[in-house]
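Below is one structure, written out as structure tokens; the observations come after it.
The values are calculated or read from the model by the stated rules, or taken from the named source; none is laboratory data. As the structure is a computational prediction, the values presented were derived from the model and not from experiment. With ligands, DNA and RNA removed, areas are computed over all heavy atoms of the protein, side chains included. Shrake-Rupley method; radii C 1.70, N 1.55, O 1.52, S 1.80 Å.
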Amino acid sequence: MAIDRRKQIVEAAAKSFSLFGYKATTMDQVAKLANVGKGTIYTFFNNKEELFDEIMNSLIQEMKHVAEAEYDSEGSFFDNLNRVLGRILDFREKHQLAVKMAHEVRDIGTPKALEGLNRLENAILSYIQIKVQAAIDKGELKLCDPEVTAFVMLKLYLALASEWQMVHEPLKKEKITELFQLYLLRGLANDN
């Protein structure tokens, strides 16, 4: 059975980035974890940045699969959005690489780690934007700017699910769902 060296290298690099962060990962470390010579890495990747980009692409694809697995084509837009955002947030908070990148950005501000996190967020926004446009096309949502709407939806969900708990008692998922629907589905205006 042939050994897939490229796969070995990518898995080792993902492990190293997850354990040590972007800045502290070296090609020597990756080579040692992959049990290959450092030169073997360079037959597949020109540098650490290219290797990191490959891993981020895989992480984004994995996250999209998680979102799609949660999406019910028969369900309402808001029910789907709430479920999908919940799963994406859980995925992001539990995936060791995403957590390490967030800590690295917070602690030392590594530009490449920040770029990786921004790519993750942009992928989430793009996914939501597509679903918003589909809901507009089906008449489920009013005509709106899908890009801005996706941004507002994601930021509201993140604020309720993550940021709120920094200074308050964490909100239960049911409460987040209720608030999310209040602000976005029903609105605050009293229609009397």
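Points to keep in mind about this one:
- Centroid-to-centroid separation of region 152-192 and region 88-116 [C-alpha atoms, Å]: 24 Å
- In the elastic network of the chain, a GNM with C-alpha springs shorter than 10 Å, the most mobile of R83, R106, R92 is R106.
- Based on DSSP H segments of at least four residues, each scored -39500 (n - 2.57), the chain has a per-residue ellipticity at 222 nm of -23500 deg cm²/dmol.
- Between R186 and K138, the contour length at 0.36 nm per residue exceeds the alpha carbon distance by 15.4 nm.
- Within the accessible area of region 65-184 (1.4 Å probe), percent carbon and sulfur: 55 percent
- Entries of K15/K94; K64/K100; K100/K175 with Cα pairs more than 25 Å apart: K100/K175
- Heavy-atom accessible area per residue - region 47-173, 1.4 Å, Å²: 55 Å²
- Using alpha carbons only: equivalent-ellipsoid semi-axes of region 79-157, gyration tensor based, whole Å: 28, 13, 8
- Relative contact order of region 1-151, defined on C-alpha pairs under 8 angstrom at six or more residues apart (%): 22 percent
- Span-rule helices in the chain, defined as complete DSSP H runs reaching 15 Å or more along the axis (Cα) with Kyte mean at least -0.5: 5-24, 77-94, 96-108, 111-137, 146-158
- Residue-span extension gain [S76 to A159] - 0.36 nm each, minus C-alpha spacing: 27.6 nm
- Cα radius of gyration and Dmax for the chain (Å): 19.8, 73
- Ellipsoid fit via the Cα gyration tensor, region 146-192: semi-axes of 20, 15, 8 Å, each the root of five times an eigenvalue, largest first.
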